[in-house]
Amino acid sequence: MEEESMETLIETSADTLGEDGGEEKENETLMESEYQDATAATDTTANLTLEESITSDTPVKRKRGRPPLSANKGNPTPKKTRQVSVSAATDGELYTSIVEGRSALQTVVSEWVERYQGDQEAGLLEIIQFFVRCCGCQAEISLSNFRHQEATDIIRTITENFDEDGFDYPLILSGPLYKKFKSNYCEFVERLVIETGDIIYDEYMLDTLVKWLIGLSDSEVRAFRHTSTLACLKLVTGLVHLVVSLASEIDNTQRQLETEKRKSGGRQAIGKLKKLEEALALSQSQLSEIHDIMNNLFTSVFIRRYRDTRPEVRAICIAEIGVWMLRCSSRFLSDNYLKYVGWTLSDKSGEVRLQALQALLALYSVPDLVPHLELFTTKFKDRIVSMKTDKDDTIASTAISLCTLLFSLDMLDADDCVELCQLVHLENRVLGRAAGKFAVRYIFCDEIVTKTRGRPSKNQKRPTNAQIKLKELVNFYIESDIHKHAEYMVDSVWGHTDLLKDWKNMIEVLTSSSCPIELSQKEEVVAIELMARAAERACGSFTVLKGVGNKMLNAKEKRAMETDKHTMATALIPVLPQLLVKYGTNPECAINLCCIVKQFDLEVYVEIRGQKLLEDLLSELKSLVLQHTSQEVLNEISTCYCHLLDPDFTLHSVVDLSFNQLVDELVSIFDRYMENIDDIPLNDDDNDDVYNFGTTLQRLLALFKQIDITKKLSFDKFHKLVEFGVDESATDILVIPSMNCDSLFLLWFLKEAESHSPPDRDTIRSIRTSMEKVITICSDLLKLGSPAVQQESFVILCDLLMLFAKQLACKEELISLVYVPSSSLQTSLCDYVTERVFNEGDLEDDPTTDEEAFAQAARLNERRLLLAGYLKLVVYSVVEARSSVAVLGQYIKFYYDYGDLLRHAFTKLREADSKSTVWYKTVLQVLQEQYTSLQLDNTTNGIDYCSTEWANLKDLAHRIALTTGFDLVKIRHSIVHIHFEGIKFALQTREEEEEKEDEGVSVPENLSFLEVLAGFSFRLLDADKQGTNGVRGFLESRLEDNYSMGLHEVVGSAKWESLSHYVTSLKPGGEDAQEQAAGVPKKRGRPPKRKILEDGPTALKSLKPNEE
């Protein structure tokens, strides 16, 4: 047999897996034709015997290699001591034992061995019948056929009479009955080889069984091929076990023999020496015979089936060869076998790729086997590393685990390590955690830690290993520079190192002046951020990441989380005030330290008697409020106060007192400025009093968002400041916070009213009055204010209109608070969106730097939020849909920026409209206004039907039609109305239109609108297209009434080309044609039965509009 080196074989790519390897060139034939992708079935001729079914004696062409064997041909006459009847009942008992798994498989095998020893033919027929039954076939093989017919003839007959349509075979069936079938089946086949004793060497049982299984594995029927291939591979696995045992016996016998031979002549036991030689010869003979059978199975089954058309067959081949390499490395762990695993790393099926990775993972885990994998690693390492980005998460995580193992064996390049470490920042939690294990080993490897440690000076304290690792982790995050979400990295490495749970170490590095590890300012900021994210992770208040879902924690996990949370609070509560003093001036550090406060179990203050610590924390928080002006910092401190003001907290009174003192101090500053407001130049941004006044408003606003302080504030004072913004007599830093405070008054008032049942009438009237004031002043600012004030006014209006919409009518006491926006307000909102959102001015230029790209993306995101706020009003009918026509008409022009929002709005608008009246009228108005606008822009020469604008208009109709879903019956009325009203618009007559004579008849000015309307034709049912009462009939009637012409008179005319195009779109087409027109892929299989429409076209009588 010719041997080929790995260097030669490796050149074969994954696409050439069908080519023959060097060692099997003599035995392997060409790949069979594409196998039918069907499931196995229960044979309808369950009681049919082969004596009745075999009618052809056509000889079968023999394959090269070992000749086929019949029951008697080419074999010694089997031993017969007594006749045993093999019936379907006996076979059924064996099959039932495997399916149900009630009996021990060792007992099942032993009982079969006894029956086989009683009658070899009957016993072998029983086991063959068992394998046929496991394929899902009920055909019964008679003893007569088994004796006199070739195995290939019998298998061909079984295949021809097997009906596989519509049924599954046991190996792929699910459910309680078959859940253990595969494991029992595999174990039974292995035990059939291992525990049958010497009968496998009788040159009858195993040879005949192998011949039958090879024949079944060559079948074109998936059930036979899959089941028998698995049996053949498991036979090899069992034989591998025997090979290992025999090899061990041969080694022991060889040592005993050599020991005996080394004895002097007088001490040698001739009889023992002879027995040892006979035992050695017997074991070697048995080993040779097993090797022959294994070679036969490998070349006849594995070589063909590892490239089978079915992925499940390829997967079991790779899984089993991995087992062989692991158990019998001396024979299988060579390049001639490893190449199959390497090739299938590029298999198109994820199941096969996963099995290949798992096989390699098991091999690399055994240190003694690694030297045999060096050449394989050199050739396939790049492919393994590239699989970290596989589309299947399980495969990608397995590939990362394999790379982690390769790194521990020093088989990865530095560039590969860096790429793998970056995966800890992934949103996908499965991949992130797999990469976290690799990153921990890479970042904290001995070489890096030793290099960082260095040699301390004489008087310098040596840093601990934990301190060095913390600094390395901080530097890794800084150098990665992937994004600013440290929670992803923290979650990835959380389960692989206790470094982020070592609060004492982090505190010492950040607070101790005698710590031997010195951090730069940037490193300190990152270290505090990692500590904050670690605190969130320990408390479970972590963002749900992709690949996790809403997994419920078990009791053990909950107890562990509670322990981590308590440990974290106990460690950080004493030092948090000190950290705020040291790092509170940095806004980023202040935000992260406040995040830690929100994770505390407040009762820990009581447990450790930490009232003084709580007072110190409140004092520092108050200082931060008076020190910072950043709205982000103030908002975080506000949420921190909200957490500390828990009414169930034992020390709630301490927090409440401190918070009220802070609010009173801010309110006193605010009142002082309001008293002297006439002396302050409110429109001067550079004035110190204006700046201080504005920062006070920002602080009050931040606290007001989280906590109800309406009793300490005055609505009229804030509203007075807002009024200054109408004539721009006050700067934006005063007007915008005051507007937000006005709207927050309404929110807290409404919440208070809803908490009382029934609410006080005076309170309701007061809320109504305040609400009308805010909406009125915001409506004025939407037109007269500065750009920033206009935008804030728009946002507040959208929020308040949603808050005081018709849903309040559910409570009778709150009906008077329902606010319906006026037509002028609806128009103002639409005009603002049109001017502000659909403005291409600062979005057209391509950014040249990263800063410009980020700024452009921020502007686009801001506009998308404004558009989403307005579309929400449209979808929930807060504003009339017809007032939003100018916005909805921008669907195509701004498709790439806002197409998803507008498409969703069209869909939700249709779903929210139970009668679909508003929806179809809105759609028609959108199309008609776009069409009219195009006409006005081309008054001189008419519409250019080759222009981009005309193509966009037709595309707009088609895309709106695609938002109607797949249930044509449900949208039937709306689509028909769109066609009826569209036809009326296209064929209307006008007195002032220019006469265009065509056989004495004027051509409608809007006739080309029918081409736009044709975009909805594929949404019509066939019954609605044709007939007197269908769309075509309505078209004929309108043409007759308005122009006294029949449809046949104008179709084909050049002047009426648009009408001809529309009529063509109304031709009946099947459901498949409609779906293809809509861009829906055609489904395979039997088409569904058509739903018969009641009365056919006459069902449209109620839809036909009244013509007056």
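Screening F224 on (1) closer than 21 Å to E140 by Cβ; (2) open to solvent by 10 Å² or more (accessible area, probe 1.4 Å); (3) of a type in the set (F, W, Y); (4) modelled with pLDDT of 85 or more shows it passes everything except condition (2). Test E160 against the stated conditions and say whether it is open to solvent by 50 Å² or more (accessible area, probe 1.4 Å) and more than 26 Å from R102 (Cβ to Cβ). Spelling it out, E160 is indeed open to solvent by 50 Å² or more (accessible area, probe 1.4 Å) and more than 26 Å from R102 (Cβ to Cβ). Per the conditions (1) assigned to a helix (DSSP H, G or I); (2) of a type outside the set (S, T, N, Q); (3) within 28 Å of I707 (Cβ to Cβ); (4) open to solvent by 40 Å² or more (accessible area, probe 1.4 Å), the sole criterion not satisfied by C778 is (4). Within the range 624-652, the set of residues being among the hydroxyl-bearing types (S, T, Y) and in a helix (DSSP H, G or I) comprises S638, T639, Y641.
It is to be established whether one or more residues within the range 376-390 are over 18 Å from L409 (Cβ atoms), surrounded by fewer than 21 Cβ atoms within 10 Å (Cβ to Cβ) and in contact with a helix residue (DSSP H, G or I) (Cβ under 7 Å, 6 or more places away or on another chain).
Yes; the residues of the range 376-390 include at least one that is over 18 Å from L409 (Cβ atoms), surrounded by fewer than 21 Cβ atoms within 10 Å (Cβ to Cβ) and in contact with a helix residue (DSSP H, G or I) (Cβ under 7 Å, 6 or more places away or on another chain).
The residues in the range 99-132 that are within 15 Å of R191 (Cα to Cα) and not in a helix (DSSP H, G or I) can be counted, and the count is 3. Within the range 804-816, being surrounded by 17 or more Cβ atoms within 10 Å (Cβ to Cβ) and either at pLDDT 90 or above or within 17 Å of V879 (Cβ to Cβ) (or both) holds for F804, A805, L808.
Take Y819 and decide whether it is under 30 Å from R768 (Cβ atoms), surrounded by 12 or more Cβ atoms within 10 Å (Cβ to Cβ) and either at pLDDT 95 or above or touching a Cys at 6+ places or on another chain (Cβ under 7 Å) (or both).
Values: under 30 Å from R768 (Cβ atoms): yes; surrounded by 12 or more Cβ atoms within 10 Å (Cβ to Cβ): yes; either at pLDDT 95 or above or touching a Cys at 6+ places or on another chain (Cβ under 7 Å) (or both): no.
Against the criterion (under 30 Å from R768 (Cβ atoms), surrounded by 12 or more Cβ atoms within 10 Å (Cβ to Cβ) and either at pLDDT 95 or above or touching a Cys at 6+ places or on another chain (Cβ under 7 Å) (or both)), Y819 does not qualify.
Suppose we keep only residues that are more than 29 Å from Y896 (Cα to Cα) and not charged (D, E, K, R) within the range 943-984. Which one would you say is farthest from the chain's Cα centre (by Cα)? Checked the range 943-984; the qualifying residue farthest from the chain's Cα centre (by Cα) is I983. Restricting attention to the range 140-154, does a residue exist that is surrounded by 18 or more Cβ atoms within 10 Å (Cβ to Cβ), closer than 16 Å to Y204 by Cβ and touching a Phe, Trp or Tyr at 6+ places or on another chain (Cβ under 6 Å)? Scanning the range 140-154, I find at least one residue that is surrounded by 18 or more Cβ atoms within 10 Å (Cβ to Cβ), closer than 16 Å to Y204 by Cβ and touching a Phe, Trp or Tyr at 6+ places or on another chain (Cβ under 6 Å), so the answer is yes.
Of all helices (runs of 4 or more DSSP H) completely enclosed by the range 1020-1064, which ones contain at least 1 residues that are modelled with pLDDT of 85 or more and open to solvent by less than 10 Å² (accessible area, probe 1.4 Å)? Spell out how you get there, then give the answer.
Details: elements: 1022-1025, 1031-1043, 1047-1050.
So the answer is 1022-1025, 1031-1043.
Scanning the range 701-727 for residues that are touching a Leu at 6+ places or on another chain (Cβ under 7 Å), not in a helix (DSSP H, G or I) and not hydrophobic (A, V, I, L, M, F, W, C) returns a single hit, G725.
Could you list, in sequence order, all residues of the range 456-467 that are more than 14 Å from V440 (Cβ to Cβ) and either basic (K, R) or modelled with pLDDT of 80 or more (or both)?
Of the residues in the range 456-467, the ones more than 14 Å from V440 (Cβ to Cβ) are 456-464, 467.
Answer for the range 456-467, where residues must be more than 14 Å from V440 (Cβ to Cβ) and either basic (K, R) or modelled with pLDDT of 80 or more (or both): K458, K461, R462, P463, T464, Q467.
What number of residues within the range 728-767 satisfy the criterion of being over 44 Å from the mean Cα position of the chain (by Cα), part of a helix (DSSP H, G or I) and surrounded by fewer than 17 Cβ atoms within 10 Å (Cβ to Cβ)? Of the residues in that region, 5 qualify.
Here G610 meets each of (1) open to solvent by 30 Å² or more (accessible area, probe 1.4 Å); (2) of a type outside the set (A, V, I, L, M, F, W, C); (3) more than 22 Å from V633 (Cα to Cα); (4) out of contact with any helix residue (DSSP H, G or I) (no Cβ under 7 Å at 6 or more places or on another chain) with one exception, condition (1). The set of residues from the range 882-909 being buried (at least 22 other Cβ atoms within 10 Å of the Cβ) and either touching a residue at least 40 places away in the same chain (Cβ under 8 Å) or part of a loop (DSSP other than H, G, I, E, B) (or both) comprises S884, V887, Y891, Y898, F906.
Applying the criterion of being loosely packed, with under 11 Cβ neighbours inside 10 Å and not in a helix (DSSP H, G or I) to the residues of the range 519-561, the residue that is modelled with the highest pLDDT is N554. No other residue among K261, K234 is out of contact with any strand residue (DSSP E or B) (no Cβ under 6 Å at 6 or more places or on another chain), farther than 14 Å from E190 by Cα and of a type in the set (D, E, K, R) apart from K261.
Rundown of residues vs (1) touching a residue at least 12 places away in the same chain (Cβ under 8 Å); (2) open to solvent by 40 Å² or more (accessible area, probe 1.4 Å); (3) closer than 22 Å to L803 by Cα, yes/no style:
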{"site": "V833", "(1), (2), (3)": "yes, no, yes"}
{"site": "R836", "(1), (2), (3)": "yes, yes, no"}
{"site": "P847", "(1), (2), (3)": "no, yes, no"}
{"site": "F854", "(1), (2), (3)": "no, yes, no"}
{"site": "A857", "(1), (2), (3)": "no, yes, no"}
{"site": "V874", "(1), (2), (3)": "yes, no, yes"}
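For residues that are surrounded by 20 or more Cβ atoms within 10 Å (Cβ to Cβ) and under 23 Å from the mean Cα position of the chain (by Cα), scanning just the range 355-374, find the one that is farthest from A434 (Cα to Cα). Among them, the one singled out is Q355. Checked against (1) surrounded by 20 or more Cβ atoms within 10 Å (Cβ to Cβ); (2) of a type outside the set (D, E, K, R); (3) at pLDDT below 95, V352 passes all but a single condition, namely (3). Listed by first and then second residue, the pairs with beta-carbon distance under 6 Å, at least 6 apart or on different chains, first residue in the range 179-197 and within 17 Å of V313 (Cα to Cα) and part of a helix (DSSP H, G or I), second open to solvent by 60 Å² or more (accessible area, probe 1.4 Å) and modelled with pLDDT under 90, form an empty list.
When the range 941-957 is examined, which residues are found to be touching a residue at least 12 places away in the same chain (Cβ under 8 Å) and open to solvent by 30 Å² or more (accessible area, probe 1.4 Å)? Before you say what the answer is, go through the steps one by one.
Keep residues of the range 941-957 that are touching a residue at least 12 places away in the same chain (Cβ under 8 Å), which gives 943, 945, 949-950, 952-957.
Within the range 941-957, Y945, E949, N952, K954, D955 meet the criteria.
From the list V655, V604, pick out the single residue that is in contact with a His (Cβ under 8 Å, 6 or more places away or on another chain) and assigned to a helix (DSSP H, G or I). Don't jump to the end; show me each part of the working.
Working: V655 fails: in contact with a His (Cβ under 8 Å, 6 or more places away or on another chain).
Sole residue among the options that is in contact with a His (Cβ under 8 Å, 6 or more places away or on another chain) and assigned to a helix (DSSP H, G or I): V604.
The values are calculated or read from the model by the stated rules, or taken from the named source; none is laboratory data. Every value quoted in this text rests on a predicted model; they were computed, and no experiment measured them. FYI the Cβ positions are ideal-geometry reconstructions off the backbone, even for glycines, and counts take in every protein chain you see. Accessible surface is based on the protein model in full, side chains and every heavy atom, while ligands, DNA and RNA are left aside. Shrake-Rupley method; radii C 1.70, N 1.55, O 1.52, S 1.80 Å.
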